[in-house]
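The structure appears below as C-alpha cells.
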Amino acid sequence: MIKIGTTKFKNGEINPIHNMLNPFAALDSIRNAYKKYVETFQRFKNPAIQDWVGEKLAKGTLIFKGPYIELNRRFQAGDAFQDLISEGLLHIDTSRCFTNDPKDKSSPVVELYRHQSEAIRRIISGMNTIIATGTGSGKSFCFGIPIISECLRLNDKGVKGVKAIIVYPMNALANSQYDEFSVRLAGSGLKIALYTGDTKNSRKEALAGYLSLTGRKEPYDSELISRDEIKETPPDILLTNYVMLEYILTRFHDKEIFPEANLGVLKFLVLDEVHTYTGRQGADVAYLIRRLKQHTRTTGELLCIGTSATV
C-alpha cells in the first residue's frame, strides 16, 4: 500500500490514508469481496457439493484466475511527419491537425510509430489496408492522417461532398472518435459529421442537447451536428454505423447525402473493429459495401481500410 496523505479524527489523532495503487492489494480486496458475495448468495443442500465448492473457492480457481502480468514493449519509431510532407505524400496543413495537444495548433506534431507511417504510405499509394495492432497503438492515426491529407488536397481544388466514410460497430466508439477528429479539424476548413440514430434533425434540436453530450457549449467550425446540415452541405468525413449507412442508401430523403453532383467523390471506406463483421452480419456488410460503391459510382476505385486489435 502507498501512503499518500493524512486525515484527522475528532480526538486529534492522525490516521494515514492509503489508496489502492498496489495492484496485488487491490486484486486481493476485489477477490475477497466477490468470494464473500458468492458464499453468502449460494446455498447447497448437498453437503458434497458444498464441500467441493468451498474447496475450490479456498484454492481460488473457481471464480477467478491469475494474476497475470503482460509486458508491452514500446512500438518502434516511424518516419517523421515532416519527412512525409517533404516527400509530397501528405498535404502541408495535415500536421496542424495532428499536434500533441489537439486544441493547440502550435504544439509539437505527434511522433509516428513505424506501423503508422507504413500504413500511411500504403494508403496514400492507393492500396486496400488492414491495420491489425494492439489496443492503444494509434490505429485511428493510421487512416485519419492520409484521409485528412487527401480531404485537404481536394478542398484546395474546390471538390465538394463526402470523401471518407468511417463505420463503427457501436455508437460509443463513433462518439469517441468524432470528438477526437472534430477538435483536430477545427480551423482546417474541413467538415465532419456523426450520423447515427441519435443525430437530431435540426440544428436547433441538436444544440439543445449538445452540452450534455459533448461537454462543450458551442460546436467547432468543423462540425455539422444535425441531419439537415449533413444533407444540405455533405461533410468531407462522415462517421456512422452500418445500420445507418444502410438507411442512407435506401431512404429517399437520406440519398441527398450523395447528390448526383458529388458522385465519384468518395475515396475512402473505413471499417473499424473489422473482426466484428462475421457470419450473417459479415455477409450483410459485404453486400452493403457493394451497394455503396454502385450508389456512389466508385466501384473499382473506393479504397477500403479495416482496423482491429483482435485479428
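The values are calculated or read from the model by the stated rules, or taken from the named source; none is laboratory data. Quick caveat, the model's predicted, so the values are computed rather than measured. Heads up, the Cβs are rebuilt from the backbone with ideal geometry, glycines too, and the neighbour counts pull from every protein chain shown. These area figures cover heavy atoms from the full protein model, side chains too; ligands, DNA and RNA do not enter into them. Shrake-Rupley method; radii C 1.70, N 1.55, O 1.52, S 1.80 Å.
Of note:
- Cβ-Cβ under 6 Å pairs, at least 6 apart or on other chains, segment 168-196 side touching a residue at least 60 places away in the same chain (Cβ under 8 Å), far side assigned to a loop (DSSP other than H, G, I, E, B) and of a type in the set (Val, Ile, Thr): Asn171/Thr196
- Helices (runs of 4 or more DSSP H) within segment 203-311 that include 1 or more residues open to solvent by 40 Å² or more (accessible area, probe 1.4 Å) and among the hydrophobic types (A, V, I, L, M, F, W, C): 203-208, 210-214, 242-250, 279-296
- Within segment 183-197, one or more residues are in contact with a Gly (Cβ under 9 Å, 6 or more places away or on another chain) and either in a helix (DSSP H, G or I) or aliphatic (A, V, I, L, M) (or both).
- Taken together, Ile124, Ile147 contain a single residue that is under 21 Å from Asp83 (Cβ atoms), more than 14 Å from the chain's Cα centre (by Cα) and open to solvent by less than 20 Å² (accessible area, probe 1.4 Å), which is Ile147.
- Qualifying residues in segment 167-196 (those that are within 20 Å of Thr276 (Cα to Cα) and either more than 17 Å from the chain's Cα centre (by Cα) or among the β-branched types (Val, Ile, Thr) (or both)) - the one surrounded by the most Cβ atoms within 10 Å (Cβ to Cβ): Val167
- Within this structure, Leu152 fails the test of being modelled with pLDDT of 90 or more, surrounded by 15 or more Cβ atoms within 10 Å (Cβ to Cβ), part of a strand (DSSP E or B) and in contact with a helix residue (DSSP H, G or I) (Cβ under 9 Å, 6 or more places away or on another chain).
- On inspection, Ser107 fails the criterion of being outside any helix (DSSP H, G or I), modelled with pLDDT under 95 and within 20 Å of the chain's Cα centre (by Cα).
- Criterion (touching a Gly at 6+ places or on another chain (Cβ under 6 Å) and either at positive phi or at pLDDT below 85 (or both)) met by exactly one of Ile17, Ile4, Ile69, Ile63: Ile17
- Of the residues making up segment 127-144, those that are surrounded by 16 or more Cβ atoms within 10 Å (Cβ to Cβ) and closer than 17 Å to Glu180 by Cα are Ser137, Gly138, Lys139, Ser140, Phe141, Cys142, Phe143, Gly144.
- Listed by first and then second residue, the pairs linking a residue in segment 81-103 that is outside any loop (DSSP other than H, G, I, E, B) to a residue that is charged (D, E, K, R), with Cβ atoms under 7 Å apart and 6 or more places separating them unless they lie on different chains, are Arg96/Lys105; Cys97/Arg184; Thr99/Lys105.
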